[in-house]
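Some notes on the structure that comes next.
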Amino acid sequence: VAVNEIGTGEQGQEVKAYINNSTVDAAGGISLAATSTVDIGALSIGGAGGGGGMLPLALAGAGSGSGNTIVTTVEASITGSTIDSGGAVSLTAMDDSTITADGGIAAVAIAAGPGGSGSGAVGASVAVNDIRSTTQAILDGTRIVQTASVALDATSKAKIDALTIAGVIGGASGTGGG
């Protein structure tokens, strides 16, 4: 079992670019960008085998799993400020978090012996993935003077790729009769 957590504390992971309660006088443009590119890669593999020769029973069980969590806040903001810009004002927030989780198992049980035989195999592979992202571009309580343009862009491209595979084989043979 693999457990991977990024930013799961009280506030999570924060990526911020901001101007707060300030006066800015810029001859050119103003650009604020906050970007998060958190990446979790998890691979979990399990295997088991069981065999019985003189015993009439063989059992095998295998499992694998991963739990992956990303909690993030990505913010570009200007709040409570006065901005005097000779060019464009641009705020960009981008979350590009990725979880890639692959898992697999194999379980084999084979019984062979005199008389009747039995075998059983069980397997499970699980991946639980969660991305909680807050992505914001904020312009609040701000006076903007002489600017060419104002652009705000907040984009979340968070993605989860998960693949789990489980395979089991059970076989039994016996000789004799009655």
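For Glu10, the criteria (1) touching a Phe, Trp or Tyr at 6+ places or on another chain (Cβ under 8 Å); (2) not in a strand (DSSP E or B); (3) not hydroxyl-bearing (Ser, Thr, Tyr) hold in every case but one, which is (1). When region 36-53 is limited to residues that are polar (S, T, N, Q) and farther than 30 Å from Ala106 by Cβ, the one that is most open to solvent (accessible area, probe 1.4 Å) turns out to be Thr37. Can you find even one residue in region 54-72 that is loosely packed, with under 14 Cβ neighbours inside 10 Å, more than 30 Å from Ser133 (Cβ to Cβ) and not polar (S, T, N, Q)? Checked against the condition, which is being loosely packed, with under 14 Cβ neighbours inside 10 Å, more than 30 Å from Ser133 (Cβ to Cβ) and not polar (S, T, N, Q), region 54-72 yields at least one hit. Among residues of region 6-29 that are free of Cβ contacts under 8 Å to residues at least 40 places away in the same chain, none has a beta-carbon under 6 Å from a residue that is among the basic types (Lys, Arg) and open to solvent by less than 90 Å² (accessible area, probe 1.4 Å) at least six positions away or on a different chain.
Based on what the data block shows, is Ala76 out of contact with any helix residue (DSSP H, G or I) (no Cβ under 7 Å at 6 or more places or on another chain) and either free of Cβ contacts under 8 Å to residues at least 24 places away in the same chain or closer than 29 Å to Gly104 by Cα (or both)? No: the conditions fail for Ala76. Just one of the listed residues (Ser44, Ser77) is at negative phi and at pLDDT 95 or above, and it is Ser77.
The values are calculated or read from the model by the stated rules, or taken from the named source; none is laboratory data. Here the structure is a predicted model, which means the values were calculated and not measured. Glycine gets a Cβ as well: all are built from the backbone with ideal geometry, and neighbour counts include every protein chain shown. Calculation scope for accessible area: heavy atoms of the full protein, side chains included, ligands and nucleic acids excluded. Shrake-Rupley method; radii C 1.70, N 1.55, O 1.52, S 1.80 Å.
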